[in-house]
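Student: Shown below is the structure under consideration.
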Amino acid sequence: MSARVPVSILGATGTVGQRLVALLDGHPRFEVVSVVASARSAGRAYGEAVHWRLPGEPPPSVAGIEVTAADDTPAEGARLALSSLDPGIARDTEERFARAGVLVVSNASPHRMVEDVPLVVPEVNGDHLALLDAQKRYPDGGGIVCNPNCSTIGLTLALAPLHRAFGVEAVEVTTLQAASGAGYPGVPSTDLIDNVVPLIPGEEEKLAEESAKILGRLAGRSIEFAALQMSAQCFRVPVTDGHTASVSVRLGRRPKNVEELVGAWRAFAAEHGGDGEPPLVISEAPDRPQPRLDRDAGAGMSATIGRTRRCPVLGWRFVVLSHNTIRGAAGGTLKVAEALAAGGRL
Ligand code: NAP
């Protein structure tokens with residue numbers, strides 16, 4: 001008999017869902033037993049319903065599973081659901097699963113800012129998972145935890161060590177976000193090739209509010225948001241995967257030099273590297289990070305920081321790049337699920 005935790009993937013046919021299916025292939029702790037998508041895909045074997053966009057074929061262990069519709073009853077026995085549903089359907093579906101006693105880890109935005117829903121980057125604020133104890137409305141171990149917005153994850157991995165060491169007071173961030181961040185088929189190619197689109201609806205607000213929650217402090221059954229000011233601008237660029245963020249920060253305590261600043265990141269990477277991939281990689285090269293060269297660092301789980309230097313306006317500036325569908329979505333979700341398992345919540 002399998003000792004692995006049975007898992008449902010909600011939105012399994014989408015960009016992030018496919019990454020989840022691929023990352024869970026042969027996973028030692030979790031086993032995919034159910035795949036959920038829209039009525040368009042329901043009733044067909046996953047391997048036939050999915051328009052597979054990753055190299056190779058869908059894993060044989062999942063290809064034969066029949067896709068069910070999001071409004072079907074949750075699969076029997078699946079205690080955990082990893083959700084990458086379209087935001088339009090995510091709120092109701094995830095609540096229904098949680099009410100049925102399923103612990104849901106969601107990539108979608110609707111629940112992220114709900115007061116008692118943990119919004120977690122495990123290395124940064126894994127302690128916020130304790131908020132689950134306040135979700136009394138869900139019976140039998142059900143609940144909802146959220147994975148942050150894809151750009152927010154890379155940004156907060158870079159900001160958290162600085163916040164801890166020096167106190168982050170203000171942030172100016174400009175993101176250059178990949179096409180895959182808009183799902184499939186996403187932005188029409190004729191809009192994106194030879195172009196830069198200076199609008200990703202809702203993204204600038206998400207970066208600011210989600211960062212304040214993640215960098216905030218657990219105080220009993222709620223989060224005291226971090227008191228940092230943030231000005232964000234978000235652009236869609238013709239890159240397949242990998243979100244780049246150009247960041248300037250004003251810090252409460254001034255590092256003596258660049259070594260002291262970078263030392264905070266190195267200490268964080270060493271603290272959380274363990275046996276797995278380090279959350280941060282520091283590049284010394286003058287022209288890195290770059291999406292094509294750095295998005296796969298740490299199998300897509302490490303954010304790469306480079307070009308750290310003084311900023312004449314806010315004090316310090318740097319560039320951080322992270323893989324949006326791995327660290328920023330499927331891989332981040334899996335890391336949250338692993339933290340839940342390690343904390344005895346599954
Ligand atoms: P996507 O490629 O458009 O996939 C959406 C998934 O939702 C598909 O499985 C689709 O099933 C399903 N779906 C759509 N409408 C539905 C309906 N009415 N009922 C049931 N299922 C429905 O999107 P994605 O990029 O994977 O994003 C998924 C979620 O993760 C979104 O909430 C997004 O905001 C979030 N997210 C995405 C990224 C990223 O980098 N792409 C990063 C972080 C978070 P069918 O195939 O059957 O239509």
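The values are calculated or read from the model by the stated rules, or taken from the named source; none is laboratory data. It should be emphasised that the depicted structure is a prediction, and the values quoted were computed from it without experimental measurement. Methodologically, a virtual Cβ is constructed for each residue, glycine included, from the backbone with ideal geometry; neighbour enumeration extends over all protein chains shown. Protein only, heavy atoms only, side chains kept; ligands, DNA and RNA dropped before computing areas. Shrake-Rupley method; radii C 1.70, N 1.55, O 1.52, S 1.80 Å.
Student: Taking the alpha-carbon centroid of each part, what is the distance from the range 1-64 to the range 302-346 in angstrom?
Tutor: Answer, in whole Å: 25.
Student: What FRET efficiency do you get for Glu205 and Asn257 if R0 is 35 Å and r is their Cβ-Cβ distance, rounded to the nearest 0.05?
Tutor: Calculated transfer efficiency: 0.50.
Student: Running a GNM on the chain with Cα contacts under 10 Å, which residue among Pro58, Pro312, Pro291 ends up with the highest mean-square fluctuation?
Tutor: Fluctuation is largest for Pro312.
Student: Do any GluC sites (Glu not before Pro) in the range 245-346 lie in a DSSP loop with no more than 13 other beta carbon atoms within 10 Å, and if so, which?
Tutor: For GluC sites (Glu not before Pro) across the range 245-346 that sit outside H, G, I, E and B with at most 13 neighbouring Cβ atoms in 10 Å, the list reads Glu284.
Student: Moving on to the next point. Report the full-extension gain for the segment Val114 to Ser231: residue separation times 0.36 nm, less the Cα-Cα distance, to one decimal in nm.
Tutor: 39.9 nm
Student: Take peptides 45-56, 74-85 and line them up by average Cβ neighbours within 10 Å, highest first, as a rough protection proxy.
Tutor: The packing order, highest mean first, is 74-85, 45-56.
Student: Count the DSSP beta bridges whose two residues both fall in the chain, then state the antiparallel fraction as a percent rounded to the nearest 5.
Tutor: Percentage antiparallel, nearest 5: 45.
Student: What does the charge count around Ala70 come to, taking other residues whose C-beta lies under 10 Å from its C-beta (Lys +1, Arg +1, Asp -1, Glu -1)?
Tutor: -4
Student: Using only Cα atoms, tell me the angle between helix 15-24 and the longest principal axis of the chain; keep it within 0 to 90° and round to the nearest 10.
Tutor: That works out to roughly 80 degrees.
Student: Let me ask something else. Name the shape class, rounded, prolate or oblate, that the alpha-carbon gyration tensor gives for the range 224-346, where a ≥ b ≥ c are the square roots of its eigenvalues, rounded holds for a/c under 1.5, and otherwise prolate holds if a/b is larger than b/c and oblate otherwise.
Tutor: Prolate is the answer for the range 224-346, as a/c is 1.5 or above and a/b outweighs b/c.
Student: Once you put a point 7 Å from the Cα of Ala341 and another 7 Å from the Cα of Asp191, both along the Cβ direction, what distance in nm separates them?
Tutor: My value for the distance between the label points is 3.8 nm.
Student: For Met230, what accessible area in Å² do you get when you roll a 1.4 Å probe over the heavy atoms of the protein chains, rounding to the nearest 10?
Tutor: 40
Student: Would you mind classifying the range 90-246 by shape? Square roots of the alpha carbon gyration tensor eigenvalues, ordered a ≥ b ≥ c; an a/c under 1.5 is rounded, otherwise it is prolate if a/b is larger than b/c and oblate if not.
Tutor: Since a/c reaches 1.5 but b/c is at least a/b, the shape of the range 90-246 is classed as oblate.
Student: Report the net charge of residues surrounding Val258, where surrounding means a beta-carbon distance below 13 angstrom and charges are Lys +1, Arg +1, Asp -1, Glu -1.
Tutor: Taking every Cβ under 13 Å from that of Val258, the sum is +4.
Student: Hey, another quick one. Roll a 1.4 Å probe over the protein chains and send me the accessible area per residue for the chain in Å².
Tutor: Result: 44 Å² per residue.
Student: Still on this structure, I have one more. Who wins for biggest fluctuation among Arg288, Arg29, Arg112 in a Gaussian network model of the chain, springs between alpha carbons below 10 Å?
Tutor: Fluctuation is largest for Arg29.
Student: At 0.36 nm per residue, minus the direct Cα-Cα distance, what do Ala182 and Arg29 gain on full extension? Give it in nm, one decimal, please.
Tutor: 52.1 nm
Student: What does the extension gain come out to for Arg137 and Glu284, with contour length at 0.36 nm per residue minus their alpha carbon separation?
Tutor: 48.0 nm
Student: A follow-up question, please. Return the distance in nm (one decimal) between the two label points of a simple spin-label model at Ala219 and Ala3, each offset 7 Å from Cα along Cα→Cβ.
Tutor: Result for the modelled spin labels: 4.3 nm.
Student: Which value in Å is the Kirkwood Rh of the chain over different Cα pairs?
Tutor: Kirkwood hydrodynamic radius for the chain: 20.4 Å.
Student: Let me ask something else. Whole percent per 5 Å bin, from 0 to the bin with the longest distance: what is P(r) over all C-alpha pairs of the range 150-324?
Tutor: Reading upward from the zero bin: 1, 8, 17, 21, 21, 16, 9, 4, 2, 0, 0.
Student: Here's another thing I want to ask about it. If I ignore ligands, DNA and RNA and count only protein heavy atoms, how much of Val36 is accessible to a 1.4 Å probe, in Å² to the nearest 10?
Tutor: 0
Student: Shifting gears a bit: Quick check on the chain: helices-only [θ] at 222 nm, where DSSP H runs of length 4 and up contribute -39,500 (n - 2.57) each and the sum goes over total residues. Nearest 500, please.
Tutor: -8000 deg cm²/dmol
Student: Please identify every one of the trypsin sites (Lys or Arg not before Pro) in the range 155-217 that sits in a loop by DSSP and has no more than 11 other beta carbons within 10 Å of its own beta carbon.
Tutor: Taking the range 155-217 and a limit of 11 other Cβ atoms within 10 Å, no loop trypsin sites (Lys or Arg not before Pro) are found.
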